[in-house]
Amino acid sequence: MATSRGSAEQDYVIEQVRRQAFQCTVLWCEGRPCLEYNSQEELNKISDYVKAEFDKDLLDVFFTAIESIPVESSS
């Protein structure tokens with residue numbers, strides 16, 4: 001039963017990250033949450049938020065964190 005509680009807690013933390021003013025996306029890979037962020041500064045802010053609010057490391061919540069690839073404009 002602890003696994004279910006852990007999953008619920010993880011889902012709650014993910015939802016709170018998404019509700020904040022962070023410009024990030026949560027992607028899912030094989031049922032695992034992956035954080036997509038726009039800059040190293042934003043990643044640091046998200047990580048600090050998760051640590052301060054939930055006393056968890058970012059990678060305890062997300063399977064991985066990847067930087068967004070900028071969209072190239074066609075010329």
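The values are calculated or read from the model by the stated rules, or taken from the named source; none is laboratory data. Treat the numbers as computed from the prediction; the structure is a model and nothing was measured. Every residue, glycine among them, receives a Cβ derived from its backbone with ideal geometry; neighbour counts consider all protein chains shown.
Filter segment 33-75 for residues that are of a type in the set (Ser, Thr, Tyr) and farther than 16 Å from PHE22 by Cα and give the result.
Hits for segment 33-75 are THR64, SER73, SER74, SER75.
Within segment 43-75, which residues are of a type outside the set (A, V, I, L, M), more than 10 Å from the chain's Cα centre (by Cα) and in a loop (DSSP other than H, G, I, E, B)?
Those that are of a type outside the set (A, V, I, L, M), more than 10 Å from the chain's Cα centre (by Cα) and in a loop (DSSP other than H, G, I, E, B): ASP55, LYS56, ASP57, SER68, PRO70, GLU72, SER73, SER74, SER75.
Kindly check whether there is at least one residue in segment 3-23 that is charged (D, E, K, R), surrounded by fewer than 10 Cβ atoms within 10 Å (Cβ to Cβ) and modelled with pLDDT under 95.
Yes - at least one qualifying residue is present in segment 3-23.
Scan segment 26-75 residue by residue and report those that are touching a residue at least 40 places away in the same chain (Cβ under 8 Å) and over 15 Å from TYR12 (Cα atoms).
SER68
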